[in-house]
Amino acid sequence: MKPIEVFQKYLRQTVVVEVKGGKTFRGVLDGFDQHMNIVLNSTVEVLADGKTAPCGTTLFRGDSVLYVSP
Amino acid sequence: MKPIEVFQKYLRQTVVVEVKGGKTFRGVLDGFDQHMNIVLNSTVEVLADGKTAPCGTTLFRGDSVLYVSP
Amino acid sequence: MKPIEVFQKYLRQTVVVEVKGGKTFRGVLDGFDQHMNIVLNSTVEVLADGKTAPCGTTLFRGDSVLYVSP
Amino acid sequence: MKPIEVFQKYLRQTVVVEVKGGKTFRGVLDGFDQHMNIVLNSTVEVLADGKTAPCGTTLFRGDSVLYVSP
Amino acid sequence: MKPIEVFQKYLRQTVVVEVKGGKTFRGVLDGFDQHMNIVLNSTVEVLADGKTAPCGTTLFRGDSVLYVSP
Amino acid sequence: MKPIEVFQKYLRQTVVVEVKGGKTFRGVLDGFDQHMNIVLNSTVEVLADGKTAPCGTTLFRGDSVLYVSP
Amino acid sequence: MKPIEVFQKYLRQTVVVEVKGGKTFRGVLDGFDQHMNIVLNSTVEVLADGKTAPCGTTLFRGDSVLYVSP
């Protein structure tokens, strides 16, 4: 599976995104582009203690993304 | 929703921007460009204790932005 | 062996990926592209104590990758 | 307002610039270019205790800039 | 000697590669490309205490490489 | 004043250069190019205690430069 | 003196190279290219206590270089 196909596979599904600096977010993948900019709906930040903080439809800048997992 | 559409959706609305290094800001999205440079009006820095420090119309350099959320 | 051939050699095999910031993951190499974006299946994060945390089919952004080893 | 217009709006006015690594400077915006390289006149570094250290007409490299605010 | 010639000189020889973040590896240089992506065979990570941890044929992403020495 | 004009203004004058990672240098600006690579003559590193360590004609890589001030 | 001329001036002479992350090396400049990739002969790492550790002909990746001084 090509990297770009992972985005297509996960569209409308819940994914986890970790960004540079160490914060982790979970939300429903709503969009992406060729720079790997990512839009998540119903996003929550996943805190160190496992709790979550809601942050709504969030746009992640591609070059701040470390990885995307389900 | 494509990443660029998030900016269009949030125009004139209050958003949160986190930049590399960990500072977080909140303000009214007033503009953006294709590099994801962002202009916020009535910007405040959101401090660790939840207090805010006003910093007016602020320009964020695109490549310092980690994410934008409502 | 050219760098790109390493990916071809390891396709469908288990590899380790370390990303910037220090996290290490292990999974089955399922895809890659010219930016060195990488797709692993059955991915686990390898924790400091050697334990693992499952994270499924994961997409790693090329410029967050430090190295790939078997 | 487009990002570039923020520079035009703030020309000849006092702005604050934070650079990567965390230092903050205040000065009169005297020039800029398309890379967001910035020239401030009468620049002072704003120290942690609120005191300032004068550093004259200073050129900030665009990719070291996090944000510019008034 | 041009930088690229160092790679040609060290081909099939043991080299040390340090990557961003501080880890150091040693292995037999098996390949490289114009981005300075590097392939080492029989790679070991060189730990702080001088011990080594084997990690096989490893691909290092060019922009994570600080330097290559014999 | 355009950013590039700052270099022209400071040519043959003493300037301070801070690089990523926090070290600060002082020397006589002897040259520059469009990447903001900078050559200082009679360079000294300015240490935390205000003392200086001489390091001669030094070339600073543009993308390691945070700012240049007099 | 243009930045590239510094390299020409220092060819076959001993220079100091500091790389991102803070390590410092000393060696005889043997080559360079337009990306500021640098080859040093008879390289030693300069340790914090002023001692040195020999590391032979070493290739430094341009974008890991902070500065080059004599």
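The values are calculated or read from the model by the stated rules, or taken from the named source; none is laboratory data. These numbers were taken from a predicted model, which means no experiment stands behind them. Here the Cβ positions follow ideal geometry from the backbone for every residue, glycine too, while neighbour counts run over all protein chains shown. In case anyone asks, the SASA skips ligands and DNA or RNA and just uses the protein heavy atoms, side chains included. Shrake-Rupley method; radii C 1.70, N 1.55, O 1.52, S 1.80 Å.
In this structure, is E:Val44 open to solvent by 20 Å² or more (accessible area, probe 1.4 Å), touching a Cys at 6+ places or on another chain (Cβ under 8 Å) and more than 20 Å from G:Gly62 (Cβ to Cβ)? For E:Val44, the condition - open to solvent by 20 Å² or more (accessible area, probe 1.4 Å), touching a Cys at 6+ places or on another chain (Cβ under 8 Å) and more than 20 Å from G:Gly62 (Cβ to Cβ) - is met. Residues of the range G:16-40 that are more than 16 Å from F:Glu45 (Cβ to Cβ) and open to solvent by 40 Å² or more (accessible area, probe 1.4 Å): G:Lys20, G:Gly21, G:Val28, G:Gln34, G:His35.
Considering only residues in the range G:43-70 that are more than 20 Å from F:Ser64 (Cα to Cα), more than 11 Å from chain E (Cβ to nearest Cβ) and part of a strand (DSSP E or B), the one that is nearest to the chain's Cα centre (by Cα) turns out to be G:Val46. For the range B:1-36, what are the residues that are closer than 16 Å to A:Gly56 by Cα, assigned to a strand (DSSP E or B) and of a type in the set (D, E, K, R)? Within the range B:1-36, B:Glu18, B:Arg26 meet the criteria. Under 8 Å between Cβ atoms, at least 6 apart or on separate chains: pull out the pairs that start in the range E:1-23 with a residue that is touching a residue at least 60 places away in the same chain (Cβ under 8 Å) and end on any residue that is small (Gly, Ala, Ser). What qualifies is E:Val6/G:Gly31. For G:Ala53, the stated conditions do not hold, so it cannot be described as farther than 22 Å from E:Gln13 by Cβ, surrounded by fewer than 16 Cβ atoms within 10 Å (Cβ to Cβ) and not charged (D, E, K, R).
For the range F:6-15, the set of residues classified as open to solvent by less than 80 Å² (accessible area, probe 1.4 Å) and within 8 Å of another protein chain (Cβ to nearest Cβ) consists of F:Val6, F:Phe7, listed by residue number.
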